[in-house]
Structure formats: C-alpha cells, structure tokens
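What follows draws every value from the coordinates through simple rules; no lab data is involved. Being a predicted model, the structure only gives us computed values, none of them experimental. With ideal geometry, Cβ positions are generated from the backbone for all residues, glycine too; neighbour counts draw on all protein chains shown.
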Amino acid sequence: MGGPAGMRASPKALCEGRIHIEAGIRAHLRSRLKLDASQREAWTRMEALVEPIDLRARELCATLPAEAAAPPAAPDKLAFAERQLGLRLEMMKALQTPFREFYQTLSAEQRAVLDRPPMMR
C-alpha cells in the first residue's frame, strides 16, 4: 500500500486495501472453521450476498484520488464515510438472517472461533 519511506499511500489504495483485508479475514475465518459440506454451502450463499456490496465498495474506492495528495476537506471525508458506512449497514442487513441460520449449523468449537472478540486494528 505504501511506497518508499515517507511516501503516503493514495486514498484509493488505502480504501481498496481495507476491502482486501476484510476479504482476507473472511477467508481466514472460513479456513479456521473447517466447514463441512452443508456449512460450506451456507457460507457460499453468504459470500454471494457480500459480493455485489464489495463490488459497490470497490466502485466507491475508484472515486478517490489514485495519487497521494492533500487530505480532502472535512465535509468530503464525512460524506465518503457516510457512503462507506451505508454499504456496511446494507451488508449487515443482508447477512442478518443467513448468518443466523449458518451459525446454528456450527459446532460448539466452531462457534467459539466466531464468538471471540475481533482482532484489534
């Protein structure tokens, strides 16, 4: 994401990097859960719900400057944050029921993986 020492990453690169990190966390969780066939099907259904929202998040990132520049004005930051949060809320609402159904299929050990507090960023 960053370049040589002292160089700032572009807003676009930082935004896209966050999407990559979240996708990596999902892949890591899937691997740690060691899902059986029916659980993998449920996971795949959830991923299918997330995919179009991720695409829209990437489109939102594409609106940002590709070069590091002066930080945007506070009102612009606020407007962008609102759009990002709107997408996150949309994802949470879309996953609410499918995730609950998926969670019910998990063993106690698998649930323990998901029930741990998230890693600090």
For this session: Of the numbered conditions (1) basic (Lys, Arg); (2) farther than 21 Å from Glu16 by Cβ; (3) out of contact with any Pro (no Cβ under 9 Å at 6 or more places or on another chain), Arg45 fails exactly one; give the number of that condition.
Result: (3)
Exercise. Would you say Gln84 is of a type in the set (S, T, N, Q), more than 13 Å from the chain's Cα centre (by Cα) and either surrounded by 12 or more Cβ atoms within 10 Å (Cβ to Cβ) or closer than 26 Å to Arg30 by Cβ (or both)?
Worked result: no
For this session: Considering (1) surrounded by fewer than 12 Cβ atoms within 10 Å (Cβ to Cβ); (2) under 19 Å from Thr105 (Cα atoms), say which one Ala69 fails and leave the rest.
Result: (2)
